[in-house]
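> Dropping a structure here in structure tokens format, bear with me for questions.
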Amino acid sequence: MKKQFWFIVGSQFLYGPDVLDIVAARAAEMAEKMNASGILPGEIVYKATVKTDAEITQCMKDANYDDNCLGVISWCHTFSPSKMWIHGFDLLRKPYCHLATQYNRKIPNEEIDMDFMNLNQAAHGDREHGFIGARMHLPRKVIAGYWQDKEVLEELGAWMRAAIGYDFSRKLRIVRFGDNMRDVAVTEGDKVEAQIKLGWQVDYWPVGHLVEVMNSVTDEEVEAQYQSYLDRYELDTDNIASVKYQAREEVAMRKILDREGAKAFINTFQDLYGMEQLPGIASQNMMADGYGYGGEGDWKVSGMTAIMKAMAEGLEGGTVFMEDYTYDLEPGNEVSLGAHMLEVCPSMAADKPKIQVHHLGIGDRKDPARLVFEGKAGPGIVVSLIDMGGRMRMIIQDIEVIKPILEMPNLPVARVMWKPAPDLLTGVRCWIHAGGAHHTVLSTAVTAEMMKDWCEIMQIECVHITKDTTVEEFKKELFYNDIAWKLKNL
Ligand code: MN
């Protein structure tokens, strides 16, 4: 079933039944036409024209308990006194968007009289409606503009994708095969806080259990998984045994994740007890199918990868677990090179990825098979979710993924090269001031707007490094945010 978003239109009994009939008919027409635009990732369902406290309250209660309803969009065609919205908004637990629009685009010169004004007074009604949202501090998206305009529909679509991410987040389970890499700080975090705020259940499963399941995987299962690699990727190695070992790891990891209803996982090269290889193509191929992954025990980046993949469904571009590795500091043309020791998702690949086997110096295991490719160019973002102690902070940075400026023939892993906004050095300074991790989710599908909407829904801090960011202003924003979030958490 397509994700549904309820369209609830505010009014009152003051204008008589004829006006209410027109409002209801137009609202239904608007929902139908917005759905027909093909821009929205979900379906708008016109639910009701509400006139009383009781109606609104019932509507919000129904929205809360309908699992197919991912969010509520409200609008006031006429005036709708906001005291009657208080009880309903107080109960609402779904993402909320206020669409400040108007049925007619133009003011009709001849036709306009006081009847027209009473019927078409969104400018009036949406202000009263907006006040109560502000007064109650509702997390919300406010969109203003004509409802048939592409920009308005795209903004609505971005919010819908954030709401899809919220729904996914509340149900997310993350399997940890092993713990955090020893001594590393930024990949740590409060898992209970993450479950309260984001909904994630983050649980440990012993590596010994994974090995047990790997040992129970049949040769037929390994062969089928191996064949699926050949269907998707280009074989560029003679070491078939290594590739098949990865296939065995993947089948086992999928069995455990699917059994637990989990859509994300982590592992660490420090805890591969009983395993011959660090999963490479195994993790990469799972990411290609929407699973989130984090290296070195980084469950936060794993969760975010899975959520952003869900938000990106149906969009062009890739969404991948990434790590800032090294810079090219040619003055005026500074770029960042990202990769990982193995695990970059092939959704970013410019061409068909190659299956290769190389030595891996870290982890003291056998040579693992992995996918090697170049990242596809295009505008995108990198995001990092960090635990500030008492609150989560999301850092978003605009980037431009470029075709790598070098061939790097001896680099045995997938590689992505990009220019961060506003420029590499300013961007790095801002990123470091904010505490952003070396692990990120890089996406050329999900936009900064979607991520900001997601943070608003989740009620977590969000900072965004753009082409206009300066270090001085950004530091002030971080300082003010610190104070604001301390007050907010009182
Ligand atoms: Mn790493």
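> Out of the total accessible area of the chain (probe 1.4 Å, heavy atoms of protein only), what percent is carbon and sulfur?
Numbers: 11090 of 21380 Å².
The nonpolar share, carbon plus sulfur, comes to 52 percent.
> Taking the Cα atoms only, what angle lies between the long axis of helix 17-36 and the longest principal axis of the chain, rounded to 10 degrees?
Once rounded, the angle reads 20 degrees.
> Helix 240-260 sits at what angle to the longest principal axis of the chain, using alpha carbons and giving 0 to 90 degrees rounded to 10?
Roughly 40 degrees, rounded to the nearest 10.
> For a paramagnetic label modelled at 7 Å from the Cα of E55 toward its Cβ, which residues of segment 108-151 fall within the zone defined by backbone nitrogen distances under 17 Å?
From segment 108-151, the list is 119-122, 125-126, 129.
> If amide hydrogens are placed 1.01 Å from N in the peptide plane, which non-local residues have theirs closer than 5 Å to the one on V45?
F5, W6, F7
> Another one. How much accessible area does D66 have with a 1.4 Å probe, in Å² rounded to the nearest 10?
50
> Would the chain count as rounded, prolate or oblate if I go by the C-alpha gyration tensor, calling it rounded below 1.5 in a/c and otherwise prolate when a/b exceeds b/c, oblate otherwise?
Verdict is prolate for the chain.
> Among the aspartates and glutamates, which fall within straight-line cross-link reach of K2, defined as a Cα-Cα distance under 13 Å, with same-chain neighbours fewer than 8 residues apart omitted?
Excluding near neighbours in sequence, the set is E43, D67, E313.
> Taking the Cα atoms only, what angle lies between the long axis of helix 53-65 and the longest principal axis of the chain, rounded to 10 degrees?
Value to nearest ten degrees: 20.
> Of K309/K376; K141/K403; K94/K419, which ones are farther than 26 Å apart at the Cα?
Details: K309/K376 17 Å; K141/K403 35 Å; K94/K419 37 Å.
From the list (K309/K376; K141/K403; K94/K419), the Cα-Cα distance tops 26 Å for K141/K403; K94/K419.
> Under a 1.4 angstrom probe, counting protein chains only, how are K309, K486 ranked by accessible area, largest first?
Numbers: K309 30, K486 135 Å².
The residues order as K486, K309, largest area first.
> If you don't mind, there's one more thing I want to ask. Kindly write out, for segment 189-198 in residue order, the coupling ³J(HN,Hα) from the Karplus curve 6.51 cos²θ - 1.76 cosθ + 1.60 (θ = phi - 60°), rounded to whole Hz, with x marking Gly and Pro.
Rounded to whole hertz, the list is x, 8, 6, 5, 4, 4, 6, 5, 7, 10.
> Please work through the chain and write down the cysteines that have no neighbouring cysteine Cβ at a distance under 4.7 Å.
C59, C69, C76, C97, C345, C430
> Specify the inter-centroid distance of segment 402-475 and segment 286-309, based on alpha-carbon positions, in whole Å.
That distance is 17 Å.
> Something else: How would H137, H87, H359 rank on accessible area, largest to smallest, probe 1.4 Å?
Details: H137 150, H87 90, H359 125 Å².
The ordering from most to least exposed comes out as H137, H359, H87.
> Would you pull out the residues with amide H under 5 Å of L235's amide H, same chain only if 5 or more places away, H placed 1.01 Å from N?
Result for L235 returns I355.
> Rounded to a whole number, what is D in µm²/s for segment 4-169 from Stokes-Einstein with the Kirkwood radius over alpha-carbon pairs (4 °C, 1.567 mPa s)?
Answer, rounded: 81 µm²/s.
> So which of K150/K197; K191/K452; K61/K197 end up more than 27 Å apart by C-alpha?
Values: K150/K197 33 Å; K191/K452 22 Å; K61/K197 21 Å.
Check vs 27 Å cut-off fails for K150/K197.
> Taking only protein heavy atoms and a 1.4 Å probe, what accessible area per residue, in Å², does the chain have with all protein chains in place?
Numbers: 21380 Å² over 490 residues.
For the chain, the solvent-accessible area averages 44 Å² per residue.
The values are calculated or read from the model by the stated rules, or taken from the named source; none is laboratory data. Predicted model, so just to flag it, every value in this text is computed and none were measured. Cβ: placed from backbone, ideal geometry, glycine included. Neighbour counts: every protein chain shown. Please note that ligands, DNA and RNA were not included when accessible areas were found on the heavy atoms of the full protein model with its side chains. Shrake-Rupley method; radii C 1.70, N 1.55, O 1.52, S 1.80 Å.
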